[in-house]
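Heads up: the structure comes next, in structure tokens.
The values are calculated or read from the model by the stated rules, or taken from the named source; none is laboratory data. None of these values were measured; they are calculated from a predicted model. Methodologically, a virtual Cβ is constructed for each residue, glycine included, from the backbone with ideal geometry; neighbour enumeration extends over all protein chains shown.
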Amino acid sequence: MDYHAILEHVLADIEPEIGCGRVADYIPALRSADPDRFGMAVADVDGPVTGVGDWEAPFSMQSVSKVFALALVIAADGEQVWQRVGREPSGNPFNSLVQLEHERGIPRNPFINAGALVVTDRLLSVTGDARGAMLDFLRAESGNPAVDFDPVVANSEAEHGARNAALGYFMASHDNVENPVPQVLEHYFWQCAIAMSCRDLALAGCFLARHGVRADGSRLLTRSDAKRVNAIMLTCGTYDAAGEFAYRVGLPGKSGVGGGILAIVPGRCALAVWSPGLDARGNSVAGVAALDRFTTRTGWSVF
Ligand code: GLN
């Protein structure tokens, strides 16, 4: 499979969409991102990785980190986490508070902020260092020891973190947080603030294309748990646009407001795409367009 040729075609197809949308502006550290950047990488299940555009430039992974947090917590703690977070699409924005009150502090799914806070809380309990566990995993899978936190982004998240703090304290009022809320928030913000390139992200997410098997051949997740994580990415990974994403792309995918998206073709490859211009729901405009073109050109999807 000549991945590089496909990516070149995809880039040519979507060029007019690069620069469309709005860069995330909820924290100053992300506001300065250049909307004209675009990168895309494919990591094959057998190892090779290739890309086009700015595929080796690091960007802020933001909510793409939620996939890794969930996988690590399931690997360490089995099914326990499902006592505390649901598995239904929210149909609401990623930072919404409304359902939490109706559902007694149990977030709809692990890929909205409230759900990710619960997952991070549990990961903190089982590992003692949630953000460190994630960084170690990402470095190992990408083979890049330079993958790191961006302290400017992390501190900016904390400074402007009132809404995430509200989610955390509300869930704590329903006894759905085990650790002190400020500690959970800190680990969550630092996880979101990991910077990595499309190359690194595609390699790091490839265990989900390998049905749970890591780059070194060891197993992180059972085949069944890998299927479940992929299923939740499909139904919940792009927030209140998950239906539209499934319709257009047809793959499990997880987006972040840094403009990154990780998508999985089970049994074949992991795709990472990055372009900072976002649509109204917080998903990269050029990123979704590129994944749409990729699956249309190759005919690959989970359907
Ligand atoms: N750090 C962001 C937040 O917590 C992540 C949101 C996102 O990428 N959708 O608000």
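Table for the structure above
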| quantity | calculated |
| --- | --- |
| All positions within the stretch 95-130 that are touching a residue at least 24 places away in the same chain (Cβ under 8 Å), closer than 16 Å to LEU185 by Cα and small (Gly, Ala, Ser) | ALA114, GLY115, ALA116, SER125, ALA130 |
| Any hit, the stretch 233-249, residues being in a strand (DSSP E or B) and in contact with a strand residue (DSSP E or B) (Cβ under 7 Å, 6 or more places away or on another chain) | no |
| Elements of type helices (runs of 4 or more DSSP H) in the stretch 21-115, at least 2 residues being within 12 Å of the ligand (Cβ to nearest atom) | 28-31, 65-77 |
| Selection status of ARG268, surrounded by fewer than 23 Cβ atoms within 10 Å (Cβ to Cβ), modelled with pLDDT of 95 or more and on the phi < 0 side of the Ramachandran plot | yes |
| Within the stretch 138-231, helices (runs of 4 or more DSSP H) holding 1 or more residues that are of a type in the set (A, V, I, L, M) and away from the ligand (no atom under 16 Å from the Cβ) | 162-173, 198-209 |
| Condition check for ALA286: part of a helix (DSSP H, G or I), within 16 Å of the ligand (Cβ to nearest atom) and touching a Cys at 6+ places or on another chain (Cβ under 9 Å) | no |
| Test: residue in the stretch 55-73 that is modelled with pLDDT under 95 and either within 19 Å of LEU262 (Cβ to Cβ) or in contact with a strand residue (DSSP E or B) (Cβ under 6 Å, 6 or more places away or on another chain) (or both) | no |
| Only listed residue being among the hydroxyl-bearing types (Ser, Thr, Tyr), surrounded by 23 or more Cβ atoms within 10 Å (Cβ to Cβ) and out of contact with any Gly (no Cβ under 6 Å at 6 or more places or on another chain), chosen from SER96, SER156, SER142, SER125 | SER142 |
| Search result, residues across the stretch 116-135 that are away from the ligand (no atom under 15 Å from the Cβ) and within 24 Å of ALA162 (Cβ to Cβ) | ARG122, LEU123, LEU124 |
| Pair list, Cβ under 9 Å, 6 or more apart: the stretch 188-209 residue among the aromatic types (Phe, Trp, Tyr), other residue within 11 Å of the ligand (Cβ to nearest atom) and not in a helix (DSSP H, G or I) | TYR188/GLY161; PHE189/GLY161 |
